[in-house]
């Protein structure tokens, strides 16, 4: 099976195909290490903070298996017809010969995933004696009395154990023989089963939850220990949000970019517990919340098209606080920290997209008594109709063009971002309450 993975991986690399679809930010760091480990036939453990895509990466390993593979029909351990390993299958091979029935397994069935929990037992992973079979009259030492666990049932496949440190240490010990000698022990019976299984696992490098650790002998059994990380490039962060988010409304790219910048700012802030990390799920949930706010506004106000705007970002911050762990000294300042970092992320996006645009006509128009009102319940049409005239200036079109706005909602989002940028640059004022925001 390891040769199968190696051959399929090398074939994909030689043909220029991407063996890791849907993964961003790992191409120059994690993936080359993982490819070398798989080519060497090593068991692998991925170490990384929450929300770095460890489980997603492990699941893509199934794509390196042959699409279909033969197994002995009704075999508990998915044995190859030419290489039976249990006494029952060997007996069938002798009596049935070429008439032995064969089934075909899809590669998706050959990937087995187990979330490690403190109550996971040896019976769950390795197996145990089945009292029902003993009660049927079989001898206690009969191999047919054994009920196999997930690991032997993953024979000729991949077994992935998520959050490995959550396994009790005595349960981790039960994996030692599987990973070195490739046999299993069940209640004192040693079964010399030549298991063909690739063991992969994920774990957090820091014991920030005080749940447990990976015992040293088990760490030694893994041929490769690979550190994952959050996306290094902003574009990769945005790609992850766009791919994973279930967005129920149009969220302009600049809004996704602000959420990505916001997440990255949180990861660099000394006010945030970086041992815990800031998951990619934070930005994904933020994008979904912003989209939901836009759809809600469109439904309540009868807006034809639901498009997220800057004003919707505040709704995301309100519900995402629980996804972050603050340092102990920041008690009572959580909302202030989040608001400050959101303003920082917004200002960075404004500089990135509107640099070189002369905002003077808009600032001049707001210097008098004119104001612009926006809010969660104000439609894009109402917002645009409330904008001050600029005496023939094409500034609004230039602002919209920078973000590729093609409809009223996107145009409103672009101009609203420009107003927020002017406020952050202290060129105009801003007053906000729960209902609306007034720029002037």
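Quick notes on this one:
- Rounded to 5, the percent of DSSP beta bridges in the chain classed as antiparallel: 50
- Taking other C-beta atoms within 10 Å as the exposure proxy, 438, 171, 158, 258 rank 438, 171, 158, 258 from fewest upward.
- Global form of the range 349-432, assessed from the alpha-carbon gyration tensor, a/c cut-off 1.5: rounded
- Taking max minus min of the alpha-carbon positions on each principal axis, the range 4-66 gives extents of 32, 22, 20 Å, largest first.
- Building the convex hull from the alpha-carbon atoms of the chain and averaging its projection over directions returns 27.9 nm².
- Rounded tilt (10° steps) of 30-40 against the dominant C-alpha axis of the chain: 10
- When the P(r) of the range 234-439 is calculated, the portion above 26 Å amounts to 32% of the C-alpha pairs.
- C-alpha long axis of helix 334-354 to longest principal axis of the chain, angle in °: 70
- Mean separation of Cα contacts under 8 Å (6+ apart) over length of the range 2-227, as relative contact order %: 26
- Oblate is the label for the range 2-227, because a/c, from the alpha-carbon gyration tensor with a ≥ b ≥ c as root eigenvalues, is 1.5 or above and a/b does not exceed b/c.
- Relative exposure of 42, 147, 3, judged by other C-beta atoms within 10 Å (fewest first): 3, 147, 42
- Ordering of 58-67, 93-102 by packing is 58-67, 93-102, highest average first (other Cβ atoms within 10 Å, averaged per residue).
- With contacts taken as Cα pairs under 8 Å and at least 6 residues apart, the chain reaches a relative contact order of 14 percent.
- The angle between the Cα long axis of helix 280-301 and the longest principal axis of the Cα atoms of the chain comes to about 50 degrees, rounded to the nearest 10.
- Distance between the range 347-385 and the range 282-323 - C-alpha centres, whole angstrom: 20
- Estimated from helical segments only, the mean residue ellipticity of the chain at 222 nm is -12000 deg cm²/dmol, where each DSSP H run of four or more residues counts as -39500 (n - 2.57).
- Counting neighbouring Cβ atoms within 10 Å and putting the fewest first, the residues 334, 225 line up as 334, 225.
Every number in this text was worked out from the coordinates using simple rules, so none of it is lab data. Here the structure is a predicted model, which means the values were calculated and not measured. Every residue, glycine as well, gets a Cβ built from its backbone with ideal geometry; the counts of neighbours run over all protein chains shown.
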